[in-house]
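Undergrad: Encoded as structure tokens, here's the structure I'll be asking about.
Nothing in this text is a laboratory measurement; each read-out follows from the coordinates by a stated rule. All figures in this text were calculated on a predicted structure; none of them were measured in a lab. So basically every Cβ, Gly included, is an ideal-geometry build from the backbone, and we count neighbours across all protein chains shown.
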Amino acid sequence: MMLAVAVLGCHAQVKADPAGPPVQVGVKLSPDMARRVEVMIRSKSSLPLEAVIGISQPTHTDFAGYTQIEVTFTVDGKASHPLPFLLSTDGKTLAQLNKFDLSPDPKEKVSAVGRPARGGPETAPVLIVGFDDLECPFCAKMHAEIFPALLARYKDQVRVVYRDFPLEEIHPWAMHAAVDANCLGATSTAGYWNFIDYVHAHADEIPGPEKTAAKADTTLDKIALDEGTRQHLDQAALAACLQKQDTTKIKSSIQDGESDALRVGATPVLFVNGEKVEGVVPIEELYSIIDTALAAAGQTPPPPPPPAPASPAAPAASKPGS
């Protein structure tokens with residue numbers, strides 16, 4: 001029912017009887033005005049005939065010359081959430097508008113608090129938060145091709161953080177990999193990113209010839225322990241974390257991603273100072289988004305990298321008998 005009324009235009013004209021009473025805050029609409037509103041909504045939507053439309057008393061709104069009414073739709077005893085509409089005080093115009101709060105900084109839309117970061121400091125003008133699945137081949141492609149180029153070009157102007165979003169239904173060892181990465185990241189940022197780099201680069205090898213999640217889990221734990229040795233971490237504490245496999249923080253990250261504010265449903269997804277970028281996109285598109293974010297922050301983007309040299313033309317294919 002929500003979608004059924006979404007096609008209503010922003011300014012659907014309603015011709016009121018000039019002799020009728022004006023629309024007033026706190027005063028129930030006259031039967032004639034209520035019917036005009038209902039007929040207009042039905043004509044602009046695909047509501048079933050049996051749907052019952054309820055209209056609230058007009059209330060105050062910030063838009064001069066308009067009141068706000070809330071409309072509910074009831075079918076088979078089930079009522080929709082109230083939908084706000086604007087109704088002009090002269091009863092001539094019905095409008096449906098969306099009002100958005102621009103006061104929060106888009107950069108703070110996705111939390112990076114407590115996450116291992118690479119690139120610039122916390123004060124870097126551009127924050128890139130990626131929702132990552134360590135078994136996702138598209139994430140691996142983005143990780144290998146895009147991030148080195150971004151860090152090389154922008155250096156301390158960008159700060160990169162990963163949030164966990166393992167797709168367990170299609171990637172059986174992604175959750176285990178996320179837990180192991182976080183066990184390292186709890187005490188070593190370098191260890192965390194080394195683990196991320198290695199797993200993304202060798203994902204095909206991790207399940208071994210057996211191609212099983214159990215083999216992958218064993219391999220991941222060994223990779224994490226070896227990295228812990230290189231970083232001089234407390235091996236007993238690291239081993240205990242790996243064995244516990246606490247998924248609480250990863251599941252919380254998934255819930256954040258699936259929230260109405262972020263709407264992450266697949267990987268990879270990036271948020272560049274709050275602007276959502278889905279999938280693996282050409283590096284030039286990311287350059288443009290980051291440059292715009294830098295300019296908005298009062299920073300001068302670095303010059304674009306020189307174009308890649310053209311590949312030599314391939315020799316003509318040989319023909320049989322030539």
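Undergrad: If r is the Cβ-Cβ distance from Lys78 to Arg35 and R0 is 35 Å, what FRET efficiency results, to the nearest 0.05?
TA: On the way: r = 23 Å, r/R0 = 0.67.
Once rounded, the FRET efficiency stands at 0.90.
Undergrad: Kindly work out what percent of the DSSP beta bridges joining two residues of the range 81-219 are antiparallel, to the nearest 5. Before the final figure, lay out the partial values.
TA: Numbers: 5 of 12 bridges.
Antiparallel bridges: around 40 percent, rounded to the nearest 5.
Undergrad: Considering only C-alpha atoms, what is the centroid distance from the range 202-268 to the range 83-158, in Å?
TA: Going from one Cα centre to the other spans 24 Å.
Undergrad: Kirkwood Rh over Cα pairs of the range 106-296 into Stokes-Einstein at 25 °C, 0.890 mPa s: D in µm²/s?
TA: Details: Rh = 16.9 Å.
It comes out at roughly 145 µm²/s.
Undergrad: Full-extension gain between Arg230 and Ser46, please, as 0.36 nm times their residue separation minus the C-alpha to C-alpha distance. Before the final figure, lay out the partial values.
TA: On the way: separation 184, 0.36 × 184 = 66.24 nm, distance 6.38 nm.
My answer for the length gained is 59.9 nm.
Undergrad: Relative contact order for the chain using alpha-carbon pairs under 8 Å, separation at least 6, rounded to a whole percent? Display every interim value, and only then the final one.
TA: Numbers: 461 pairs, mean separation 50.3, N = 322.
Value for the chain: 16 percent.
Undergrad: Obtain the nm distance between the two label points defined at Asp105 and Asp90 by a simple spin-label model: each point lies 7 Å from its Cα along the Cα-to-C-beta direction.
TA: Between Asp105 and Asp90, the simple spin-label model gives 4.5 nm.
Undergrad: If you don't mind, another one. If amide H atoms are built 1.01 Å from N in the plane of the peptide, which residues on other chains or at least 5 residues away come under 5 Å of the amide H of Arg115?
TA: none
Undergrad: Viscosity 0.890 mPa s, temperature 25 °C: give me the Stokes-Einstein translational D for the chain in µm²/s, with Rh taken as the Kirkwood radius over C-alpha pairs. All intermediate terms of the calculation are to be shown ahead of the outcome.
TA: Working: Rh = 24.3 Å.
My calculation gives 101 µm²/s for D.
Undergrad: Would you kindly calculate the translational diffusion coefficient of the range 154-224, applying Stokes-Einstein with the Kirkwood radius from alpha carbon pairs, for 37 °C and a viscosity of 0.692 mPa s, and quote it in µm² s⁻¹ without decimals? Show your work: numbers first, answer last.
TA: Numbers: Rh = 12.9 Å.
My calculation gives 255 µm²/s for D.
Undergrad: Lys78: which lysines have alpha carbons under 26 Å from its alpha carbon, excluding same-chain residues fewer than 8 sequence positions away?
TA: Correct list for Lys78: Lys28, Lys44.
Undergrad: Antiparallel DSSP bridges in the range 106-296: what percent, to the nearest 5? Don't jump to the answer; show the numbers that get you there.
TA: Working: 11 of 18 bridges.
If we restrict to bridges inside the range 106-296, about 60 percent are antiparallel.
Undergrad: Roughly speaking, what is the stretch gain from Glu169 to Val281, that is 0.36 nm per residue apart minus the C-alpha to C-alpha distance, in nm to one decimal? Walk me through the numbers before you get to the answer.
TA: Details: separation 112, 0.36 × 112 = 40.32 nm, distance 2.46 nm.
Once the chain is fully extended between Glu169 and Val281, it gains 37.9 nm.
Undergrad: For the chain, with only Lys/Arg (+1) and Asp/Glu (-1) charged at the beta-carbon, what is the dipole magnitude about the Cα centre, in debye rounded to 20?
TA: Working: 28 positive and 39 negative charges, 171 e Å.
The dipole magnitude comes to about 820 debye.
Undergrad: Given only helices, namely DSSP H runs of n ≥ 4 each adding -39500 (n - 2.57), what is the per-residue ellipticity at 222 nm of the chain, to the nearest 500 deg cm²/dmol?
TA: On the way: 9 runs with 108 residues, N = 322.
Helix-only estimate at 222 nm: -10500 deg cm²/dmol.
Undergrad: Using 0.36 nm times the number of residues separating Gln243 and Ala186, minus their current alpha carbon distance, what extension gain do you get? Write down the numbers at each step before the final one.
TA: On the way: separation 57, 0.36 × 57 = 20.52 nm, distance 1.50 nm.
Gain on extension, Gln243 to Ala186, equals 19.0 nm.
Undergrad: Once amide H atoms are built 1.01 Å from N in the peptide plane, which residues 5 or more positions from Tyr162, or in another chain, come under 5 Å H to H?
TA: Gly130
Undergrad: Further, regarding this structure: Size of the dipole of the range 106-296 about the Cα centre, Lys and Arg at +1 and Asp and Glu at -1 on the beta carbon, nothing else charged, in debye to 20? Please list the in-between numbers first.
TA: Values: 18 positive and 29 negative charges, 85 e Å.
Roughly 420 debye, rounded to the nearest 20.
Undergrad: Take the chain, mark every one of the trypsin sites (Lys or Arg not before Pro) that falls in a DSSP loop and has at most 16 other Cβ within 10 Å, then report the longest stretch left between them, sites excluded.
TA: Of all site-free stretches, the longest is 110-210.
Undergrad: Related question: What's the local net charge at Lys109, with K and R +1, D and E -1, over the other residues with C-beta under 14 Å away? Before the final figure, lay out each step's value.
TA: Details: positive: Lys107, Arg163, Arg263, Lys276; negative: Asp101, Asp105, Glu108, Asp256, Asp260, Glu275.
Taking every other residue near Lys109 into account, the sum is -2.
Undergrad: Could you give me the ³J(HN,Hα) list for the range 107-113, computed from phi with Karplus coefficients 6.51, -1.76, 1.60 and θ = phi - 60°, whole Hz, x at Gly and Pro?
TA: 4, 8, 5, 10, 6, 10, 5
Undergrad: With a sphere of radius 15 Å drawn around the Cβ of Val25, what net charge do the other residues whose Cβ falls strictly inside it have (Lys, Arg +1; Asp, Glu -1)?
TA: -2
Undergrad: Out of all DSSP beta bridges in the chain, what portion is antiparallel? Express it as a percent rounded to 5. Intermediate values should be presented prior to the final figure.
TA: Numbers: 28 of 35 bridges.
Antiparallel: roughly 80 percent of the beta bridges in the chain.
Undergrad: Within the chain, which is the longest segment containing none of the chymotrypsin sites (Phe, Trp or Tyr not before Pro) that sit in a DSSP loop and have at most 15 other Cβ atoms within 10 Å? Could you put the intermediate results ahead of the total?
TA: On the way: sites that count: Phe63, Phe100.
Result, exposed sites excluded: 101-322.
Undergrad: Add +1 for every Lys or Arg and -1 for every Asp or Glu among the other residues with Cβ under 12 Å from the Cβ of Arg153, and state the total. Don't skip to the answer; put the middle values down first.
TA: Numbers: positive: Lys155; negative: Asp156, Glu284, Asp291.
Summing Lys and Arg as +1 and Asp and Glu as -1 gives -2.
Undergrad: Among the lysines, which fall within straight-line cross-link reach of Lys107, defined as a Cα-Cα distance under 26 Å, with same-chain neighbours fewer than 8 residues apart omitted?
TA: Output for Lys107: Lys99, Lys141, Lys155, Lys249, Lys251, Lys276.
Undergrad: Now for a different question. What longest range of the chain stays clear of loop-exposed GluC sites (Glu not before Pro) (DSSP non-H/G/I/E/B, at most 13 other C-beta within 10 angstrom)?
TA: On the way: sites that count: Glu50, Glu122, Glu169, Glu205, Glu210.
With GluC sites (Glu not before Pro) excluded where exposed in loops, the chain gives 211-322 as its longest stretch.
Undergrad: Could you name the lysines in cross-link range of Lys211, using Cα to Cα under 19 Å and dropping any fewer than eight places away on the same chain?
TA: Cα-Cα hits under 19 Å: Lys222.
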